[in-house]
Each structure stands twice: as structure tokens, then as C-alpha cells.
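Read through the structure below, which is laid out as C-alpha cells, and then see the notes.
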């Protein structure tokens, strides 16, 4: 017997279902999500929480004519299942499969590409005003979480939307969570609104109450709007939205399909900007995710029966950072930690528990996090700001203007640098080397393993200026970690292996495939040095010039964009030193957005595994003018 989910090929199929069948469909979707994500990994808890909400949206709207923009987009799995992608869903987040985020090139139902938070209202307002300019008539909706609503960009967009008065629906999906639990004053406002279920009844009943007052009813009618607004502002929470020019509907049970659909219909009739406040439970329907929604916000493969995640026991770069922070904070009370709604992901949860008075989760507000850190540093503290590489992009101006311009000792812990993997283009940390190294006064480091990471943080704590340490989302090679961490002299590289014919300068975790490539090359008669530069800025020019002069061939290897990256810094250094007779080959990510897939597979596709590096070296050697014998009779071109 075919399940109800198997019969849904487009949102129009939902309209033939009875209420009982809708409830059954929701159960089937949750079952399918749990079992699929247990194999592929992904954002489970957010999607379990929006099953009924997504069904209600597609019942009330006529997509793709109507436009829905999912903020962040990690909660769009249910939307994908209902819009013709059920058959491809098993390929979720896999190389060549469907994306874990909305992607217009994947489906006409994906109105806008998202992956970072707080962008949906801005995009939706742009679409709504373009609709108005074209004289068209369709609904534009943004679906945003309570955590993302606290982001500055979302509030800027609401301020603009309230001013324009155009028809726009914003659904506030309130589950008290972003990745971590929502924080901040706005979260408190929403919390108060949740405790007032009579809010909507008050709004619609107020005019009737006023008109029932003897004698003064007519007078009150004239001043009714101002009076209603004043009384609501006094007695009810959540009125900040109406002050911004939005009609506020809610709070509504986001797991009640009929209630949400009715609210959307009400919003369409009301016109202008409307905010529908729905309450949902993140992880709903799967006990492990309900009990620990942060853990299942973004998860790797897991055992369905227990929720136990299937992962390596090897320490990661992030776990080494976490360990360093705990040890260093015990010895230096100037150290404080800051994150932007991702205490778990950045490894700062244990720090927060051990030093609650020295930990700050500012919510989804990366710009504020950096300038806040600048203020702490200006007052004598040593702030460490832990933010994923792809999200730190949002705070570029603050790094330049508020930190570097003043030379403040803010330490940026740039997690998820390089190839992140299955989350795809929106989350690949490929731009940080380029955008950090161009900032005057910024020291930029990249460790090859966990021990070196801890030493680099030791260096940063001793440094009187701004610094950034970028490291990947991956396990570390096993190596004993010394404590206290021994600081590394700024700008000093490490020679991992000497060589005569060429030298690979491999940044951070690229050291390990470079060493394996060197071993492969030795079997072909090529003596290849491997240097761990450790510093993107300042570069160890002495070591670079030594190998440039000795071998004449330098290969740079980085898991970042070639445009403006570490390889570019090497070329600039050679040029400034007046060295022009060296052949430099740069290996890294192309001038394009890199797709999804397992980290090792993506690196292999980019030629950044041992074989790819070895092949690139051989090609470089053959490309040199003049023939001579190298090693065991292998003939290559060299200088």
C-alpha cells in the first residue's frame, strides 16, 4: 500500500487530503526525515519542528507563483519533500545530490538561495517591491526563526518593510532556539508573548469593547486607533512588531495546520506587512532530538533507535581549541570567550559552564560580536571570538575598522576554515585567508594539528595586536600535546622534510597530504621538500627564499581560494625580494563556489590530496626548460 507521502508530487496534492490524512502525512514525513538524516547527516531538529508549519504554508499559498524565502534554509527539508524532490531526497547533502539548503537552480519552488541567517526579510521585501513595480499580484513570505530575527539585518529589513507598507508576510517560527538557545532582549519579548494566549482575542475584541461603553463610544471611536495602540503597548508583550509597522498575529500553535493556514489567509486579507508568530518545538516527534535539540541541530549519521551519533573518537581541531581555552583561562583571568549563537559548534560550551562570567553568547550577531570584543580588549581583557569562517565574512568591516585600525589584541578563532563538506557552497570556509591577510596589522596563522593549534593560541595571547587562527572541521593527526602550550615565534615556518628538486609550502592541514605526496615523489626519484609555513601573515621570507634559490620550484598548497590566498602572498613576497626566476605553482580552490560532498572527496576533486599534489609537482618539473636526470634515471624538465 502506497504511503501518503509517496503520493505527494507537488503542493497541489495536499489539497485533496482530509484532516486525518494530513496528520498521517506529518507522521510519515517525520519518520522519513529521521531515517534519511541518520544516514546522510544534516539538520534534523529544525526540520522536525516545521513539519506542520510547512504543510500549512503550502496549503495556504500557491507556490511557485507565490514566493517563500526560508531564512538560513536549513529547515527546508520538508519543503523539498513536498515540492517534487522526494525521489532524490536520499542524496541529500551528498556529492552530486540535492542541497541541504534552498537552491533555485535545483527547483522553481526555491525562490531564493539561503544558507546564512537573517537574510530572508530583506530578500522578501525586495521581491515584494519588484512585484509591485511590475503590477503583479502574488504573495511573498519570509519564514524566519526567533534566533535569526535578532540578527541586525533582519531588524533593518523590518524597519524598511514597515516604512514601505507593502504586502509582505513574515512567519516568525519561534522555538526558543537558533543553533544554541536564543539569547537577548528580543528573546525575552517573545517569551512573554508565548505566555499570553489571549493576545489575538484582545486585538480583535478591543473595538467591540470600546463601542459598548455608554455615551463616550462615539468620542472613543474617533480616537480609537490611538487608544487601542496605547493600551496594547501597555498591557501586552510583543508589540514591538506593530511599532515597526507590522500587523501582529499570534502566538499560534505552529503544529496546528488549520490554525496556521487560517492565519496566513488572515494576513493576506489584512494587507501590508504582517508578522505571524507561531510556536513550534524543535526536534518534535523524535525523542533524542526533543531532549537535545542543539545536538541534533546539525548532526552526522546516527543510530535511529538510540540517537547515538556515529563519529570518530579522534580529537578534532575544535576539541583542541576547547581544551586550550579551559587551561588558559585558569591561568589568565583576562581571557574571555565570545560566540555568535554556536557555543556547541565552536567548542565553547565547556568554557561557558566553567567560566559563566567570562563567556558571552551574543546571538546571531557576528558584527556585534567583533566590535564587542574590541571594546573588551580596549578595556584590558583578552577576548577570543570563535566564529565559523563562512559566518565571519559578515563581520569584515568590524575586523578592519574596530579591531585592526586600533591594533587591539582581539583573537579570532576561525573554525570551519577550508572545505567544510556536505553543507556546500554557503558554508565552505574558502575566503578567510584572502580577506584576513590583506588587513594591516593582522597576524594570520593556520595549524597543521591540534598541538600546533594550542601553541598558536599561546602566541596570540602574548601578541599585542589582532590575530586570527583558522582551522578546519576535521579530526587531527594524533600527537602529544604539551602544556603549557609553547608559543611559536611570529612569522617562523617549520621545515617538515628537506629536499633538492622542489619545495611544497603546505598551509595548515594540507601539510599531511603534502608529506604523503613527497613520499610518492621519492619513489619517482624526486627529492621534494615540505615546509609548514604556519603563518599566512607574516610569511617566513627567509625560508621561502632559501628554497626558492635552492630548487627553483615552489609549490603552494592551501584549502582556500587561490585568488588573494597564500599562494598569492608567496608570489608577492618573491616579487618584493626581487626574485623572478622561480617557477611557482599554486594549488587551491578555483575562482568559483565549491559544491557539497565529503571533505576528503572534495579535496580530491580539487587536486588537493596526495596524488593530486604529486601529479602537480611532476607536471611542474616537466614544464621547466632543459632536460636532466633526476634520482633513479627519471627524466624531468627542470632549471
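Identify, please: which residue in region 235-244 is closer than 17 Å to residue 273 by Cα and more than 30 Å from the chain's Cα centre (by Cα) and is, among those, modelled with the lowest pLDDT? Looking at residues that are closer than 17 Å to residue 273 by Cα and more than 30 Å from the chain's Cα centre (by Cα), I get 239.
Taking the condition assigned by TED's automatic domain parsing to the domain that holds residue 609 and either surrounded by fewer than 18 Cβ atoms within 10 Å (Cβ to Cβ) or under 20 Å from residue 383 (Cβ atoms) (or both), does residue 516 pass? In short, yes. The criterion of at least 2 residues that are touching a residue at least 40 places away in the same chain (Cβ under 8 Å) and more than 17 Å from the chain's Cα centre (by Cα) is met, among helices (runs of 4 or more DSSP H) falling completely within region 370-475, by 432-437, 450-462. Just to be sure, is residue 71 modelled with pLDDT of 95 or more, touching a helix residue (DSSP H, G or I) at 6+ places or on another chain (Cβ under 7 Å) and either on the phi > 0 side of the Ramachandran plot or crowded, with 17+ Cβ neighbours inside 10 Å (or both)? For residue 71, the condition - modelled with pLDDT of 95 or more, touching a helix residue (DSSP H, G or I) at 6+ places or on another chain (Cβ under 7 Å) and either on the phi > 0 side of the Ramachandran plot or crowded, with 17+ Cβ neighbours inside 10 Å (or both) - is met.
Among the residues making up region 578-589, those that are part of a loop (DSSP other than H, G, I, E, B) and under 27 Å from residue 522 (Cβ atoms) are 579, 581, 582. Inside region 542-567, residues that are part of a helix (DSSP H, G or I), without any contact (Cβ under 8 Å) to a residue 60 or more places away in the chain and under 31 Å from the mean Cα position of the chain (by Cα) make up a count of 1.
Taking the conditions exactly as written (at pLDDT 50 or above and touching a helix residue (DSSP H, G or I) at 6+ places or on another chain (Cβ under 9 Å)), does residue 261 satisfy them or not? Yes: the conditions hold for residue 261.
Go through region 590-627 and count every residue that is part of a loop (DSSP other than H, G, I, E, B), closer than 20 Å to residue 500 by Cα and free of Cβ contacts under 8 Å to residues at least 40 places away in the same chain.
Total satisfying the criteria: 2.
Tallying residues that are crowded, with 24+ Cβ neighbours inside 10 Å and more than 15 Å from residue 282 (Cα to Cα) within region 42-59 yields 4.
Checking residue 539 against (1) assigned to a loop (DSSP other than H, G, I, E, B); (2) under 23 Å from the mean Cα position of the chain (by Cα); (3) under 23 Å from residue 456 (Cα atoms), only one condition comes out false. Which one? Residue 539 satisfies every listed condition except (2). Scanning region 479-501 for residues that are at pLDDT below 95, surrounded by 20 or more Cβ atoms within 10 Å (Cβ to Cβ) and over 24 Å from the mean Cα position of the chain (by Cα) turns up at least one hit. The condition of being exposed (fewer than 15 other Cβ atoms within 10 Å of the Cβ) and in contact (Cβ under 8 Å) with a residue 12 or more places away in the chain holds for only one of 30, 39, that being 39.
Checking each residue of region 514-532 against the condition of being under 30 Å from residue 329 (Cα atoms) and touching a helix residue (DSSP H, G or I) at 6+ places or on another chain (Cβ under 9 Å) gives at least one match. Against the numbered list (1) surrounded by fewer than 18 Cβ atoms within 10 Å (Cβ to Cβ); (2) out of contact with any helix residue (DSSP H, G or I) (no Cβ under 9 Å at 6 or more places or on another chain), residue 138 comes up short only at (2).
The listed residues are 531, 526, 481, and the only one of them that is assigned to a strand (DSSP E or B) and in contact (Cβ under 8 Å) with a residue 24 or more places away in the chain turns out to be 531.
The values are calculated or read from the model by the stated rules, or taken from the named source; none is laboratory data. Since we're looking at a predicted model, the values are computed, not measured. Quick reminder, even Gly has a Cβ in these numbers, built from the backbone with ideal geometry, and neighbours come from all protein chains shown.
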